[in-house]
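Below: the structure, in structure tokens.
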There are 4 protein chains.
Amino acid sequence: MLIVIKEKNHESLIQKLQSMLSEKYGCESHIIGGNKRVLAVTGDTSGVDVEFLKNMDGIRSVDRVDRPYKLASRERKDRTMIEISKDCVIGDPKSVVMIAGPCSIDSEGQLDETAAMAKARDIKILRGGAYKPRTGPYSFQGKGEEGLKLIAKAGQKYGMKTISEIMKAEDLPLFEEYVDMMQVGARNMQNYELLKALGKSKKPVMLKRGLAAKLEEWLLAAEYILAGGNPNVILCERGIRTFEEEVRFTLCLGSVPALRELTHLPIIVDPSHAMGKTRWVKDAALGGVAVGADGLIVEIHPRPSESSCDASQLLDLEHWNECMDGVTAVAKAIGKRVV
Amino acid sequence: MLIVIKEKNHESLIQKLQSMLSEKYGCESHIIGGNKRVLAVTGDTSGVDVEFLKNMDGIRSVDRVDRPYKLASRERKDRTMIEISKDCVIGDPKSVVMIAGPCSIDSEGQLDETAAMAKARDIKILRGGAYKPRTGPYSFQGKGEEGLKLIAKAGQKYGMKTISEIMKAEDLPLFEEYVDMMQVGARNMQNYELLKALGKSKKPVMLKRGLAAKLEEWLLAAEYILAGGNPNVILCERGIRTFEEEVRFTLCLGSVPALRELTHLPIIVDPSHAMGKTRWVKDAALGGVAVGADGLIVEIHPRPSESSCDASQLLDLEHWNECMDGVTAVAKAIGKRVV
Amino acid sequence: MLIVIKEKNHESLIQKLQSMLSEKYGCESHIIGGNKRVLAVTGDTSGVDVEFLKNMDGIRSVDRVDRPYKLASRERKDRTMIEISKDCVIGDPKSVVMIAGPCSIDSEGQLDETAAMAKARDIKILRGGAYKPRTGPYSFQGKGEEGLKLIAKAGQKYGMKTISEIMKAEDLPLFEEYVDMMQVGARNMQNYELLKALGKSKKPVMLKRGLAAKLEEWLLAAEYILAGGNPNVILCERGIRTFEEEVRFTLCLGSVPALRELTHLPIIVDPSHAMGKTRWVKDAALGGVAVGADGLIVEIHPRPSESSCDASQLLDLEHWNECMDGVTAVAKAIGKRVV
Amino acid sequence: MLIVIKEKNHESLIQKLQSMLSEKYGCESHIIGGNKRVLAVTGDTSGVDVEFLKNMDGIRSVDRVDRPYKLASRERKDRTMIEISKDCVIGDPKSVVMIAGPCSIDSEGQLDETAAMAKARDIKILRGGAYKPRTGPYSFQGKGEEGLKLIAKAGQKYGMKTISEIMKAEDLPLFEEYVDMMQVGARNMQNYELLKALGKSKKPVMLKRGLAAKLEEWLLAAEYILAGGNPNVILCERGIRTFEEEVRFTLCLGSVPALRELTHLPIIVDPSHAMGKTRWVKDAALGGVAVGADGLIVEIHPRPSESSCDASQLLDLEHWNECMDGVTAVAKAIGKRVV
């Protein structure tokens, strides 16, 4: 960390800063340069309150230089590869991993049909929501534990791994029992109590980006899980909230190469929630693959109009096949294969 | 709800829509107008999936007309006034209620000194964080239950009511025991499990606006608490995330008159988190009062540099007195008095 | 346009609305439905002030139903294809048209070298800035007319068409003389005086999206040029301003399929300005192709560090070749060829 | 400027940086600190391409430290006060200057009536649009020169100074002849050709904030006018584009104290365009005064429904009087008087 002081040779301010840094944060600091305007702070500066320093009288600027997340940082490791099954590794630079299934688990029949749709395209991971975070209290909130049992059953029947969204820490034992991966939704990205609980699990966690989350905040949310002891974190870009309203959210595909430099964690793209319209999902899916994502999570349904949730963005059989054909072709074009 | 169909006299589509609306959502619908392009839907349309309808072939537009929240809506009631104590009613059109205290409860001494600062200006509600949602896992996370005990003690000593932030449902019994009001932070605005739990409490809940929350989403989050049975919800505007980075968040003061038309719930403004700098807090506080807020929540501290949290935005004694003088004068100018 | 009135049978309001619509805007209107709450407005409603109607006492909602742009609308035409040269048609569903060149024309030698880099990959359109819109007044503002002469010369030498940015109406004669296409930058998207002038030209105009422009505003800006008599308008998505700061702008690739439904105009993607970093441009370029853009505009330079402008995002020879290899492969994967 | 290098003692990179800084930008630089990781750059660094440096291999961070605008900076001057007339000084710390008038000049009668409304509250500056930037080409575009003549006449009749929006450089002579102040609209904030032309005028220019403009970009736009030789620039906050759609734009009142530290230029707030609804304008106006703005610009009209433009946000006589009463009271409360 570098602190720049407005005036030269301001001894009293230097002294004040040095003692605060040492006593409050346990950091060493050294004046560098002849006119004594720059203070270089060493040691673990991750707890230092940069905003406070910036606002002190006599300070011109403070530059953290280092990123505040350590375990998630690319400086620590090149790539995390998470083996979901022998033939499905998320984060493998040669693979595009597809995750597909219904938005919400509505019934055993619906889930079975949808799983069959996914299996027909050799999908390895089945998604399905049992606990649904809904904007309003009067919307269908999911089938809960029964839903988890159904997805476990479908996974077993079709030989697929499973993922479902977890909304509160106390449900963790249920998820440990029934599913292979857990998903944290955008609205819960900074639900730190939930993140801390997931840090104690060993199952992979897919952490969706919050609607207003900067990349650093997202990686710090991942850091909560990593710091808790769970190294299997996957990031999922699903669009951010902007002024643009024609699309449901603004899918920030630029975050994929940007994240690749900042972190070793795998990156999945969710084209369904970002676009919000069935007929636009394929284009965004192809964009996600082309930009270098490690995989996609896509919502499918045999008859979207019957879905209890997000019917407008579900891929029916025809759109799903078209999407998979495109994804396969684009993946091949950039030297990857679809898993 | 009005559904506009692209072509005139499209009988098959009309029939399809009418049966779907009736079977799936239990809504009646009637074609209005001679060329049969407009379908008026009546009954409870709050569960209808507008996005799905909009994306159906042959549909030109869908206009919900009615707002999807019912209990929070102004159509139901003019104003909710919440009596915190005999001389302190949040939502009273003639009052500006001030809430003040430290960001974080760091020690008994610090809290006591800060409570004294608040009491000296006749503040009725003391704030103080015991559980702190921090962006990174390595920052101080609050003193927890001990913090709640300290604020209860300070409240008793100074004759003030108390408010503190709750982060998970299972802590509710502790909060019921130790504090008078509960606060839901911006990051948890859509933590529906927490909102549902708070719906079962009778203590007033101050619900902060999420960083990317539209007014409708915010009111639907309030609706979760209201629908659970707790009528005592207070909204708190604390700034939204925009591209502007000179200020910490963009305080959206326009939301105050806008909310006033949409809802009967009281509206508090938090100038501290929005501005992020001690020396700008007073101006934003005065702006909040002038624009018609029912109160303010402000962070104060006898010696900000010692705070474990948000030191850059805390008001010290001098700034605090200046702020209160201004707030008092502006409140008087618009016919209100500070409580 | 549909106007919904709050109360049933509110005769005086109906009368007031009908006479205003007829006298002020020349629109007919008819009450539809038995309880007289819905007023259907027909005729040319593009001039009607929707916001004013919405705010009138007694009005519940106003739904425009039709889009306010006519000439740009997809309802009028399926696709505009603009023949730049015999072998280069922008908007052809089977082509990805590449535009490349330096950000700024700095010297004859630099432009010549850069044009050779483009030509070596068989690029048909050379870009180069002669008039540069710079955020601050002290930055290099471009070589002006001399720059236009240089690009004309390079175009001739290499057999390439040319495009350059125009910043004021009075420069139009110069652009008519020296270049084949004109570009309107993001900052000038709503410089209506400039748009009106370009409506009188017959040369194709590439209109970049403003940093805060909704799709409708962008299409209305295009409508200015179309309404002036110039049918050759190309849209260019170049990223919007959001809270995300790791990337220079947020490239909104979702706008490509969304625009495709709204308009017949061709859509180009600019990955260079959106990403702002050389090493991320390729990924965004591939994303743009995969999502269905009609072409890309990319900034290249033999030695980026020497550029007077935007050095951080220019592709050097190695990155450029890598980018073109990727673009070619992805285009082929989706059934297109690079032009 | 401070450049931090990733590795210690990286002599070749240090040499490369130092020669580039010296040759390309004419800046001196010195290594500071013992491990040779920090390079301090002195001299005029305003032309240095920070983004390029940041992206060079081996660089960890670059901190500009100084702001890139010089003439607009508070470091140069404390406050600019612009004397519009003997009794009206914009920027006087004891005054709130009110500017009022119709959105658009529709006819002599309408303008005369509106000017009388303003005069009745002793307003010193009359606003009125003659050239109107409209989102679509089919909306009324203003009366042009005739409008300017009408406002000059009204100004004379009522003894008021006048302001009107200028949209292109070539209209400058007309504005010099007919009005006392010129306004640059939000859409033209970065129309650099226009800004350069206004730099040559001596008449005060009110520069509205662009919808997506950061404070630094706004001040750099002001710098264009200042650098051209015109010191009389006034900033006008009118709301930014965010995801919030209930209000027309998000009025960023926090920018007022933030700008006060960055610049000496006066700051006006426009509550009319930000709120977009007549009945919300007063609250935002009072907020603007309370937060410390040097003045307000408000749109008024005797009969809003007849206006050709922005009818939904115009104050009629009753709202106007209420607004002025509130503004007067709040100004007094903070020790200012309304001018």
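The values are calculated or read from the model by the stated rules, or taken from the named source; none is laboratory data. Just so we're clear, the structure is a prediction, and the values are computed from it rather than from any experiment. Positions of Cβ are generated from backbone atoms using ideal geometry, with glycine treated the same way; all protein chains shown enter the neighbour counts.
Let's see how each residue does on (1) part of a loop (DSSP other than H, G, I, E, B); (2) among the β-branched types (Val, Ile, Thr); (3) over 14 Å from the mean Cα position of the chain (by Cα); (4) crowded, with 22+ Cβ neighbours inside 10 Å:
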{"position": "A:Gln190", "(1), (2), (3), (4)": "yes, no, no, yes"}
{"position": "A:Lys196", "(1), (2), (3), (4)": "no, no, yes, no"}
{"position": "A:Lys202", "(1), (2), (3), (4)": "yes, no, yes, no"}
{"position": "A:Met206", "(1), (2), (3), (4)": "no, no, no, yes"}
{"position": "A:Ala213", "(1), (2), (3), (4)": "yes, no, no, yes"}
- Task: State the number of residues belonging to the stretch D:27-47 that are surrounded by fewer than 18 Cβ atoms within 10 Å (Cβ to Cβ), modelled with pLDDT of 85 or more and not charged (D, E, K, R).
- Result: 1
- Item | Options C:Ser73, C:Ser95, C:Ser85; residue that is out of contact with any Asp or Glu (no Cβ under 8 Å at 6 or more places or on another chain), of a type outside the set (A, V, I, L, M, F, W, C) and within 21 Å of C:Arg121 (Cβ to Cβ) | C:Ser85
- Among the numbered conditions (1) modelled with pLDDT of 95 or more; (2) more than 26 Å from A:Arg187 (Cα to Cα); (3) in contact with a His (Cβ under 8 Å, 6 or more places away or on another chain), tell me where A:Asp122 comes up short. (3)
- Where residues in the stretch C:289-321 are touching a residue at least 40 places away in the same chain (Cβ under 8 Å) and closer than 20 Å to A:Arg337 by Cα, which of them is nearest to the chain's Cα centre (by Cα)? C:Val289
- Note on the structure: The residue from B:Gln110, B:Gln156 that alone is buried (at least 20 other Cβ atoms within 10 Å of the Cβ) and more than 19 Å from the chain's Cα centre (by Cα) is B:Gln110
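Inside the stretch C:1-21, can you point out the residues that are under 12 Å from C:Arg60 (Cβ atoms) and among the basic types (Lys, Arg)? Before you say what the answer is, go through the steps one by one.
First pass over the stretch C:1-21, keeping only residues under 12 Å from C:Arg60 (Cβ atoms): C:2-8, C:10, C:13.
Selection gives C:Lys6, C:Lys8.
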- Task: Go through (1) surrounded by 20 or more Cβ atoms within 10 Å (Cβ to Cβ); (2) part of a helix (DSSP H, G or I) one by one and return the number of the condition D:Ala227 breaks.
- Result: (1)
- Message: Given the condition crowded, with 19+ Cβ neighbours inside 10 Å and assigned to a helix (DSSP H, G or I), answer yes or no: does some residue in the stretch C:299-307 qualify?
- Response: yes
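Please tell me if B:Ile59 is in contact with a Lys or Arg (Cβ under 9 Å, 6 or more places away or on another chain) and under 30 Å from B:Ala152 (Cβ atoms).
Criteria not met by B:Ile59.
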- Any residue at all in the stretch A:68-78 that is surrounded by fewer than 16 Cβ atoms within 10 Å (Cβ to Cβ), over 29 Å from B:Ser104 (Cα atoms), within 12 Å of chain D (Cβ to nearest Cβ) and touching a residue at least 24 places away in the same chain (Cβ under 8 Å)? no
- Message: Looking at the stretch A:282-294, can you tell me whether even one residue there is among the hydrophobic types (A, V, I, L, M, F, W, C), in a loop (DSSP other than H, G, I, E, B) and at the interface with another protein chain (Cβ under 7 Å from one of its Cβ atoms)?
- Response: yes
- Message: Tell me the residue from A:Ala258, A:Ala274, A:Ala221 that is in a helix (DSSP H, G or I) and either polar (S, T, N, Q) or away from chain B (no Cβ under 14 Å) (or both), please.
- Response: A:Ala258
- Return yes when C:Glu75 is among the charged types (D, E, K, R) and in contact with a Gly (Cβ under 9 Å, 6 or more places away or on another chain) and no when it is not. no
- Kindly provide the set of residues from the stretch A:3-17 that are under 24 Å from D:Ile3 (Cβ atoms) and assigned to a helix (DSSP H, G or I), ordered by number. A:Leu13, A:Ile14, A:Leu17
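From C:Val48, C:Val65, which residue is part of a loop (DSSP other than H, G, I, E, B), of a type in the set (Val, Ile, Thr) and in contact with a strand residue (DSSP E or B) (Cβ under 6 Å, 6 or more places away or on another chain)?
After applying the criteria, what remains is C:Val65.
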